[in-house]
Amino acid sequence: MLKKRNNLLSVIFLLIVSATFAQQRQSTNSVPQKKEEKKESKYKFPLLNGLILGVDLYNPVANLFGQKYGNYEASLELNMYNRFFPTWEIGIGRADNRPEEMNFTYVGKPALYNRIGINYNFHYNNDGPGNFFVGLRYGFSSFKYDITNITLESPYWGTSYSESITGQKSKAQWIEALGGIRVRLYKDLMMGWTVRYKWLIKAKSNEFSTPWFIPGYGNKGSVLGITYSIYYKFPLRRKVADNKTDVSVKK
C-alpha cells in the first residue's frame, strides 16, 4: 500500500513538473521578440561630405575696370550633411585711391585679413544643380596705411599746399550677415555669389587720422559687400563602384 502511494505521488510530481515546464515554454514563445529596427537618417548626404575651395573673382574684375582698392581672397568650407558649412575666408586687401570729394590719397599697404563663420543650406537634401544659403562671419585685420597728397588751402593768402601722414597703424573687427546662391557648372565645379551686410565693431583711430579702407571689410563708409566666386569640391570619401561581372564558362 505504501509502495503504491509513493508511486502515485511520483507520478503526480512528474505531471506537475511537466505542466510547469510546458507553461513556461508556452509563455516564452508567446512573448514577441523585439527586432532592432535601423533608424533611417534624415540626411541624404554623409556627415563629412567634402571640402570646398573657393576663389573670389569680383574684386579682381572690378580692378580691371578702374577700381583702385579691393580684397583678393580664397575660402575653404567643410561640407557637413550638405547642410552646415563651417567656413574660413582668408585674403589680402590693398588700396591706392583718391576718394571722391576728398582732399587726400589713401594708400593702404597690402595686409592679411581673416573671416570665420558658417553657412546654412536650405536645400540640404536636394541633389539639384543649385542651392540657397545664408551665413554669418566674424572678420578681423591688422594693417598699415598712409594718407598722402592732403591738399590744404589758405583762404586768407589764396594759396594751397600739400601734406602727408605716413606710417599709420590700425586694427579692425566686424560682423557680416550674408545670403547667396550657388549652382553647379560641371560635376564638382560650382559658381556662386553672395550679398553681405556688415557691422563694424571696432576700428582703431590714430591721433591725426582714421582708416578709410579696411582689408576684408572694404570702404569704411559702405555697409554692403558682394562676392562672386568659383568653387571646387574635393570629396572626403572615395566612391566605390559596385560592379558585378558575369562569368560564363564555355564547354
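The phi torsions of region 56-69, fed into the Karplus equation with coefficients 6.51, -1.76 and 1.60 and a -60° offset, translate into couplings of 7, 10, 5, 5, x, 5, 4, 5, 5, 9, x, 5, 10, 7 Hz, rounded to whole numbers, with Gly and Pro shown as x. Longer than 20 Å from Cα to Cα, which of K44/K233; K68/K233; K68/K109; K39/K187; K169/K198; K198/K233 are they? Say none if no pair is. The answer is K68/K233; K39/K187; K169/K198; K198/K233.
In this rough spin-label picture, where each label sits 7 Å from Cα along the Cβ direction, the T210-I90 distance is 3.2 nm.
Values quoted throughout were computed directly from the atomic coordinates according to the rules given, and no laboratory measurement underlies them. Predicted, not measured: the structure shown is a model, and the values here were computed from it. Please note: Cβ atoms are built from the backbone with ideal geometry, for glycine as well, and neighbour counts cover all protein chains shown.
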